[in-house]
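Accompanying notes for the structure given below.
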Amino acid sequence: MTKDELVGVYRSLGEDTIGADGKAVADTSRTAQIMYSPDGYMSVVSMPNGRKLTAKASGGPDLNAATPEERADAAKGMVCYAGRYELKDNVLHHHVEMALNPNAVGQTIIRRAELKGGDLTLSSVPAADGSHRRIRWRKVGPK
């Protein structure tokens with residue numbers, strides 16, 4: 001896969017946890033989008049489906065009008081980060097420059113990548129127990 005082939009916007013088709021035994025447990029309870037730009041930037045937003053609306057709208061995408069409890073509830077389960085990326089031998093290195101979780105800033109997230117047509121599969125590095133996460137994506141727009 002080349003960087004030019006990777007560039008685009010993708011929507012999640014679902015996530016799986018793959019056990020050390022190779023068994024996959026599907027998780028389709030999330031909605032996500034990831035983007036890769038030609039100049040080496042990426043961003044991802046992943047959220048649980050069915051999040052509750054806040055009682056009071058702020059008129060924008062922020063949560064400034066929400067109560068502290070509503071803010072905590074809205075952020076629960078969210079994954080949002082952006083920064084530069086590198087592609088080396090079908091392995092993506094996401095260099096986190098900003099994130100909902102401040103502890104993620106400055107970290108590098110490694111994902112094994114496979115691209116077949118407009119379908120992208122990103123897999124995490126295996127955990128100590130041998131399991132890993134796999135997220136399946138489909139490119140939106142022209143392939």
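Derivation of every value follows stated rules applied to the coordinates shown; laboratory data play no part. What you see is a predicted model, and the numbers here were worked out from it, not measured in a lab.
Here the chain yields Rg over Rh of 0.99, to two decimals, using C-alpha coordinates and the Kirkwood radius. Counting only aspartates and glutamates at least 8 places from residue 76 when in the same chain, those with an alpha carbon closer than 16 Å to its own are 62.
At 222 nm, what helix-only mean residue ellipticity would the chain give, in deg cm²/dmol to the nearest 500, using -39500 (n - 2.57) for each DSSP H run of four or more? It would help to have the intermediate numbers written out before the result.
Numbers: 2 runs with 12 residues, N = 143.
Estimated from H runs of four or more residues: -2000 deg cm²/dmol.
Take every Cα pair under 8 Å in the range 3-143 that's 6+ residues apart, average their separations, divide by the length, and report that relative contact order as a whole percent. Relative contact order, the range 3-143: 25 percent.
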